[in-house]
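A.B. asks: The structure follows.
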Amino acid sequence: AHLPAFLSPAAAAAAAGSSDPAAAAAAGWQIHGMFAKAAVNGITELLPLIADPAGLPDGSRQLLELLHQAANQLMAGVPAGAPLSPQELEAWRDLGGRLHERICKCIIAHLDSHPLPFAEYVPYFLKLFVDAALLQLDAATLRAMRPKRRVLLVRFLAKALLCPYYRPEYVDSHSDHAQEFINMLEGKTPNSALLAQLQQQQQENAGRARGKVAAEALQQLLSKDQVPAVVEALVLKYVALTQDELEEWSSDPEGYIRSIEVESGPDADTPRPVGVGLLLCMLERGGDEVAQALINLTARLQVLIVPGFIL
């Protein structure tokens with residue numbers, strides 16, 4: 001209840017029966033936001049403890065639909081219903097940004113802990129993180145976010161690309177127990193043993209069918225039609241130096257390189273290394289299409305001479 005109340009402060013105040021919804025909303029959305037943040041964080045921590053290859057916990061569909069809706073609205077940066085004052089809107093966006101980080105972590109935790117049951121939702125969240133975040137948000141809006149939030153917006157994509165259950169090697173493999181069936185008919189294998197083998201095969205085939213939904217969505221992401229826009233957005237919004245970074249590099253190249261090397265360590269949690277890492281994941285999975293998109297983008301930028309652009 002707290003998350004919808006934070007997303008729509010005026011509606012929550014009206015539902016509570018306040019005679020002055022605006023005043024009640026101003027007093028209550030902060031509390032709802034903090035409780036929502038704590039609740040989402042608690043779910044994220046619990047998911048690895050209840051991992052079950054057979055399926056997601058009860059109520060997961062409703063939860064994921066709510067998280068999808070909330071992430072969309074929080075990226076837009078505007079609460080539903082009656083507008084807040086400029087000062088309140090700034091505070092709402094600050095708290096909303098931190099809540100958005102928790103939501104992104106929770107979505108990633110679903111992928112990590114329940115990869116096959118979550119696979120059917122991958123196409124919807126790919127659209128969210130690619131279309132609504134990476135492509136539609138401009139560079140200035142993204143760079144105004146906290147670095148942690150920018151990192152989480154692309155981490156889901158890298159996690160999905162690296163998930164072994166969403167790869168062709170898994171979804172296209174096939175286990176065939178025809179020989180075991182022949183052995184049973186010839187009396188070489190007990191019926192109970194074969195039944196267990198056939199049940200295992202059914203489970204494996206069902207898992208591959210689930211994984212294939214995610215694999216096909218990822219293949220579409222890396223297709224010739226879509227990958228150029230994704231590569232361009234990653235390079236210009238995550239990998240390219242900002243004007244401030246360019247000035248720092250110009251004044252002290254060696255010092256700047258040393259700082260980059262620290263950021264690029266295994267525990268890096270800053271946007272540029274994560275953006276580069278996602279490009280590498282895309283190259284490994286998408287091959288020639290991604291490489292050609294990078295070559296074409298580089299050639300175009302050299303011709304256009306984009307001001308302040310440097311990799």
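The values are calculated or read from the model by the stated rules, or taken from the named source; none is laboratory data. From a predicted model like this one, the values you see are computed outputs, not experimental measurements. Note: ideal-geometry Cβ built from the backbone for every residue, glycine included; neighbour counts use all protein chains shown. The accessibility values were calculated without ligands, DNA or RNA, using every heavy atom of the protein model including side chains. Shrake-Rupley method; radii C 1.70, N 1.55, O 1.52, S 1.80 Å.
A.B. asks: Give me the net charge of Leu95's neighbourhood, meaning all other residues with Cβ under 15 Å from the Cβ of Leu95; Lys, Arg count +1, Asp, Glu -1.
C.D. replies: +3
A.B. asks: Same structure again: Accessible surface of Asp131 in the full protein assembly, 1.4 angstrom probe, to the nearest 10 Å²?
C.D. replies: Estimated to the nearest 10 Å², Asp131 gives 40 Å².
A.B. asks: Could you give the nm distance between label points at Glu45 and Gln202, where each point is 7 Å from its Cα heading toward the beta carbon?
C.D. replies: For the pair Glu45/Gln202, the computed spacing is 4.0 nm.
A.B. asks: Quote to one decimal, in nm, the extra length available between Leu162 and Gln226 on full extension: 0.36 nm per residue of separation minus the C-alpha distance between them.
C.D. replies: Taking 0.36 nm per residue and subtracting the Cα distance, the gain is 21.1 nm.
A.B. asks: Treating only the Cβ of Lys, Arg, Asp and Glu as charged (+1, +1, -1, -1), what charge dipole size does segment 64-121 show about its Cα centre? Round to the nearest 20 debye.
C.D. replies: The dipole of segment 64-121 has a size of about 80 debye.
A.B. asks: Want the number for Ala209 to Ala54: 0.36 nm per residue separation, take away the alpha-carbon distance, what's left? Don't skip to the end; give the middle numbers.
C.D. replies: Details: separation 155, 0.36 × 155 = 55.80 nm, distance 1.33 nm.
Separation in residues times 0.36 nm, less the Cα-Cα distance, equals 54.5 nm.
A.B. asks: If the limit is 27 Å between Cα atoms, which of Lys127/Lys237; Lys105/Lys224; Lys37/Lys212; Lys148/Lys212; Lys212/Lys237; Lys148/Lys224 go over it? The partial results should precede the final answer.
C.D. replies: On the way: Lys127/Lys237 18 Å; Lys105/Lys224 30 Å; Lys37/Lys212 33 Å; Lys148/Lys212 31 Å; Lys212/Lys237 30 Å; Lys148/Lys224 30 Å.
Exceeds cut-off: Lys105/Lys224; Lys37/Lys212; Lys148/Lys212; Lys212/Lys237; Lys148/Lys224.
A.B. asks: Which values, in whole Å and largest first, are the semi-axes of the equivalent ellipsoid of segment 26-81 obtained as the square root of 5 times each eigenvalue of the Cα gyration tensor?
C.D. replies: Each semi-axis is √(5λ); the values are 26, 14, 8 Å.
A.B. asks: Can you pull the accessible area of Met75 for me, 1.4 Å probe, Å² to the nearest 10?
C.D. replies: The accessible area comes out at roughly 20 Å².
A.B. asks: Sticking with this structure for a sec: Could you tell me the accessible area of Glu90 in Å² (1.4 Å probe, neighbours in place), rounded to the nearest ten?
C.D. replies: Taking all protein chains as shown, Glu90 has close to 130 Å².
A.B. asks: For Phe35, Phe156, give the ranking by accessible area with the largest first, probe 1.4 Å.
C.D. replies: Values: Phe35 115, Phe156 0 Å².
From most exposed to least exposed: Phe35, Phe156.
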